[in-house]
1. Those residues that are among the hydroxyl-bearing types (Ser, Thr, Tyr) and either under 15 Å from A:SER23 (Cα atoms) or touching a strand residue (DSSP E or B) at 6+ places or on another chain (Cβ under 8 Å) (or both), I need them from region A:182-215; list them, please.
2. Assess whether B:LEU273 counts as being within 30 Å of B:THR42 (Cα to Cα), part of a loop (DSSP other than H, G, I, E, B) and more than 11 Å from chain A (Cβ to nearest Cβ).
3. Scan region A:115-129 and give yes if some residue there is surrounded by fewer than 23 Cβ atoms within 10 Å (Cβ to Cβ), over 24 Å from A:THR229 (Cα atoms) and among the basic types (Lys, Arg), otherwise no.
4. Quick check on region B:252-260. Is at least one of its residues of a type in the set (Ser, Thr, Tyr), modelled with pLDDT of 95 or more, in a strand (DSSP E or B) and at negative phi?
5. Does region A:300-323 include one or more residues that are among the small types (Gly, Ala, Ser), closer than 19 Å to A:LEU103 by Cβ and touching a residue at least 24 places away in the same chain (Cβ under 8 Å)?
6. Select, from B:GLY210, B:GLY190, B:GLY228, the only residue that is in the same structural domain as B:GLY286 (by TED's automatic domain parsing), of a type outside the set (D, E, K, R), surrounded by fewer than 19 Cβ atoms within 10 Å (Cβ to Cβ) and modelled with pLDDT under 95.
7. Does B:PRO344 satisfy being free of Cβ contacts under 8 Å to residues at least 24 places away in the same chain and within 14 Å of another protein chain (Cβ to nearest Cβ)?
8. Hey, A:ALA94 hits all of (1) away from every other protein chain (no Cβ under 14 Å); (2) touching an Asp or Glu at 6+ places or on another chain (Cβ under 7 Å); (3) under 25 Å from A:SER256 (Cβ atoms) but one; which does it fall short on?
There are 2 protein chains.
Amino acid sequence: MKISTLIACGLLAATVAGAQSQSQWQALPDIAPAPADNPTTTAKITLGKMLYFDPRFSSTGTVSCFTCHNVMEGGDDHRPTSIGVHGQKGGRNAPTVWNAAFLSVQFWDGRAATLEDQAKGPPVNPVEMGMENLRAVIDRIRRIPGYKPYFEQAFGSGDVVTMDNAARAIAAYERTLITPNSAYDRYVKGEKSALTAQQVRGMNTFLATGCTSCHQGPAFTGPPLPVGTGFFMKFPTYPNSPYVAKYDLLKDKGRSENTHNPADDHMWRVQTLRNLVYTAPYMHNGSVKTLPEAVRVMASAELNRTLADTDVADIVAFLESLTGPFPDQLMPRLPPTPGDLLGP
Amino acid sequence: MKISTLIACGLLAATVAGAQSQSQWQALPDIAPAPADNPTTTAKITLGKMLYFDPRFSSTGTVSCFTCHNVMEGGDDHRPTSIGVHGQKGGRNAPTVWNAAFLSVQFWDGRAATLEDQAKGPPVNPVEMGMENLRAVIDRIRRIPGYKPYFEQAFGSGDVVTMDNAARAIAAYERTLITPNSAYDRYVKGEKSALTAQQVRGMNTFLATGCTSCHQGPAFTGPPLPVGTGFFMKFPTYPNSPYVAKYDLLKDKGRSENTHNPADDHMWRVQTLRNLVYTAPYMHNGSVKTLPEAVRVMASAELNRTLADTDVADIVAFLESLTGPFPDQLMPRLPPTPGDLLGP
């Protein structure tokens, strides 16, 4: 892990220099990249959307991907931290699924390389969907006979109702959950009236303050990196910021909670800034309630800067330009439930 | 309550006689009736759909109407009994929302006269959405500023963000959740090839067995009655049926749990048979896992009949003809969440 982090930092230095000299601001692509072994197809998207909305492969039958990553909202769950089966609380704020397709690693601590890997995490997390293991998950799906034709449509005949294929389908659907053509994107592509004067001012202040040293690239998550290579930053960088104690920002050690490597203490994947209007509350622990306060916290704890209120307002106006548009989506139809699928 | 039940029974006798002599089988209307004081409009449907899918006015922010009445499935939640906030279990099987618009009373025990009244129940049920009172519910909605324009669009200007209007909007949306034009409906309207020979046989067996003495009318919930007038039946009628003990069918006293009138012991609203394929498990306590078994239980406990396996299979085939089609629905977009809406 340490080596990959070092490589990432090396790549980063080179790539950042290149990116900065080319174009400071980049629009989100209209299509999300897909791995060579899981090209996006309509049949996978159809199946993946069904699985994404299906709560029946959580232990209680009540929690789906959608529960904590609500695509009718900001792709998160509007709570400081999520609630899974049996009312249990998770430890971190649900990251948005919108534009997760553009991240080179998944989860706050980057512990999954791909959307396919990520999809296999929550079902077996005891405080999320609470299934015993992945075998139990796919067994549950197999017991809903109406799914089989959809797996066959997406993956061919034979023994195709597998956990790997379920994860591939969910990932394919998630690659459609992207929001190109926000006001910001249209501005970057040349439509100069797409942003207000305040938003353009905020964009410049955002750059001048130093936010782009981490929040750059089309999703504002850092420079383009190979899939599985995370762009991690220490947060907080300035632990003496008054906000650090106020919002308890040091309690969770971030990446090292998973790698158990002290070098990863308080290292976090740089989060997207797109659709922030929809994803309050903020930070890994969901402790910061408003966007202006989130800007102040980041400026202070990460850059040791105290921003004037007008600068905060301008940056917030700029961040608001990174919102939507969200694609229209038809609700999936889920296949019927065998009555013995779930216990009392 | 007793008087209204008596009136209902009187009305029933007259209406049933009339209905039977007119036409034994009735198709579901293409449009659900709406009360004079809440005509269905597009603006109400739009708002109602948003509210229906919004978990933010449950105490934890995790439970919405959709949670237990999943319109991507059978309008219920595929569990024996539902799970609300903090993992608490309810006592009865979630009834389907599909075609609830055609019922003259709501809930298993008919304790709400209208969809508008029904919508105000679950938010303040401590084991469902768990809000303290209806004032707290509407306060939560008011704190999401993005809702206001939708209320104004639906109900005009002024103090329109009220609980009554929220319930009206949800009811208006629910009046779109109907499934006319099933194979059965097409058959009744004259398309004789819409049913298989087995389904037609099952339809006749269903009639000959006596199922239609209760399950009649377009939704198979009884004869048309004025809104608020329930069509209740005793279940089980034959408490010595072996299924009664097997499935613990006497434990819940039904309507009298609410009215506290012994005459209402084990009285239940006659349930719709539409979309049963999607609504396993069955009965008020969700104890019966399959549709063939549900047919056997009803024949035995309600009609003192033991059906041959072929008759059961035929009736099930007929019941399968009462499925869908389900309307395509666009997902709603919910307005952004203020970060302080929900506690940690």
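The values are calculated or read from the model by the stated rules, or taken from the named source; none is laboratory data. Just so it is clear, the structure is predicted and the values come from calculations on it, not from any experiment. Reconstructed Cβ throughout: ideal geometry from the backbone, glycine too, with neighbour counts over all protein chains shown.
1. Our first condition is that a residue be among the hydroxyl-bearing types (Ser, Thr, Tyr); within region A:182-215, this holds for A:182, A:184, A:187, A:193, A:196, A:205, A:209, A:212-213.
A:TYR184, A:TYR187, A:THR212, A:SER213, listed by residue number.
2. Yes; evaluated as a whole, the condition is true for this residue.
3. No, region A:115-129 has no match at all.
4. So far as region B:252-260 goes, no, none of its residues is of a type in the set (Ser, Thr, Tyr), modelled with pLDDT of 95 or more, in a strand (DSSP E or B) and at negative phi.
5. No, there is no match, as no residue in region A:300-323 is among the small types (Gly, Ala, Ser), closer than 19 Å to A:LEU103 by Cβ and touching a residue at least 24 places away in the same chain (Cβ under 8 Å).
6. B:GLY228
7. Judged against the criteria, B:PRO344 is a match.
8. (1)
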